[in-house]
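First up is the structure itself, then whatever we jot down about it.
What follows is calculated from the coordinates using simple rules that are stated; it is not laboratory data. Just so it is clear, the model here is predicted, and its values are computed rather than measured. Note: ideal-geometry Cβ built from the backbone for every residue, glycine included; neighbour counts use all protein chains shown.
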Amino acid sequence: MAETPRETDELLETAKVSRVAARQAELGGGEQTQIIVFTVGGREYAVPIDGVERTERPSTVTPVPRSPEFVRGVASLRGAVLCVIDLGNLLTGEPSEADPRSFLVLTDGARRLAVQSEDLPDFVRIDKGHRMPPPASNSEVYSGAVERDFEIVGVIDPERLFDLVEQRLAGSA
Amino acid sequence: MSVEAGEVPLLRCRAGRFLLVLDLEALVALDAGEGRAGRVVDLRALLDEPVGRGQRVLFRERGGEGLVAMVVDRGVELIRLPLERLHPLPDPLPLLPGLASLRGVAELDGALAFLVDPLSLPTEASEPERAAG
């Protein structure tokens, strides 16, 4: 696991480069994909590496007026102001109390938002054939699941996550 | 107050927990006397914050000669901010109902403030003219 966010950033860059190698491996028959595993509310989640724009050191989050509880607020991350959400609260209804150790900037096309992680993100290469069906709860945001340390970790589909966030916000009168 | 090229003049104020900046384009007066505004909007009430003793800022209504008084916490300041430190409200927050008057986020020294457009304040938040204090 990376020790600092800077090292994490370097790993992410390395991981992007290594996608070429992964593609070559795919063409050679070994189908692999990379995911990033992070922790919210004591629970691990995963997201495909293509859905992560970058990782960041934790930054001050400014609350947003009249917003639902899963919206932590806004933060300035390398000159860009992004919405920060509490993924645990969004998916389980339980607010995450632990202090974040990193932010992940998730992306889906032009859409971006940040999620907090209680741990430094971990980069994992998995065989595509080892993907499992999505977890039963909040199955609409997952594209599948992987087994990690004898636990089932849901793999988030960024497009579905952004859609869910937008639906919840628009309906939060 | 002189404004350099690439800078924008703003009013910095607070409404409860929230740090705000107000566009000065339609500003008429600070600490306006009673009776001049057609309606009063207490920003603290609009943002679900406690309402106490406040300071009144008077703006001209969009496309008319009417005046609207905005009430915020005491301690309004004039500031200049480089344009590059003003950002649009990040997605997906513009979808939030009831926040149409929040137009962006300003990076102040060590803090973020919400940019309020006084000309898009909801009329349902208005009260008849009365003392703000």
Working note, the stretch A:25-85: Cα radius of gyration (Å, one decimal) and Dmax (Å, whole number) are 16.1, 53
Per residue of B:98-105, other chain Cβ atoms within 10 Å number on average 3
Averaged over residues of A:59-66, the number of beta carbons from other chains lying within 10 Å of each residue's Cβ is 6
At q = 0.17, 0.19, 0.23 Å⁻¹, the log10 of I(q)/I(0) for the stretch B:1-86 from a Debye sum over equal Cα scatterers comes to -0.73, -0.88, -1.15
